[in-house]
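Nothing in this text is a laboratory measurement; each read-out follows from the coordinates by a stated rule. Small disclaimer: the values here were computed from a predicted structure and weren't measured. FYI the Cβ positions are ideal-geometry reconstructions off the backbone, even for glycines, and counts take in every protein chain you see.
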Amino acid sequence: MSFQIINGKKVGCRRNGTRVDYGHECLLHHNGTNYPCRMVNISLSGALVSAQDFPFANARLGDTCALLLCTDPTLGIGEYTSRITRLGPSIIALYFLSIDF
C-alpha cells in the first residue's frame, strides 16, 4: 500500500483497478469555476488530468472538486465528485468519491 500526506495526516492509497491511458478533453470544477483539462489516464478509483490554466496556488490536497467528462457543463454527462490527492506542475490526481450519470 502506498501513502500520501493529506492535511498533515498519513493516508493509505489503494488503487481499485488498472489505469488506462485516455486522452480526452474534459472540465475540472473547483471552487465554483470550470477549468478545461485533458484526462491523462483513468481507473475505477480515480484519474490523472493535465490542466494548464488551473490556479494551482488556490488548490490543496484533500480539496473536493468534480471531473466532468465533457467540455460543455450543460450536457450533464458523467460527473465524478473527487478529492485531489496529488498536485504537480499542470498535473492533478483525483480520487473518485461518487459518480453521477
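Annotation for Cys70 and Asn31: the two label points, set 7 Å from Cα along the Cα-Cβ direction, are 2.7 nm apart. In order along the stretch 32-41, the phi-based Karplus estimate (6.51 cos²θ - 1.76 cosθ + 1.60, θ = phi - 60°) of 3J(HN,Hα) comes to x, 10, 8, 10, x, 8, 10, 5, 8, 7 Hz; Gly and Pro are listed as x. Divide the volume of the convex hull around the Cα atoms of the stretch 61-101 by the residue count and you get 63 Å³ per residue.
Relative contact order, whole percent, for the stretch 16-101 stands at 26, derived from Cα pairs under 8 Å and 6 or more residues apart. For the stretch 49-101, applying the loop criterion from DSSP together with a ceiling of 13 other beta carbons within 10 Å to the trypsin sites (Lys or Arg not before Pro) yields Arg60.
Taking Lys and Arg as +1 and Asp and Glu as -1, the other residues whose beta-carbon sits under 13 Å from that of Asn34 total -4. Taking other residues whose beta carbon is less than 11 angstrom from the beta carbon of Ser50, and scoring Lys, Arg as +1 and Asp, Glu as -1, yields -1.
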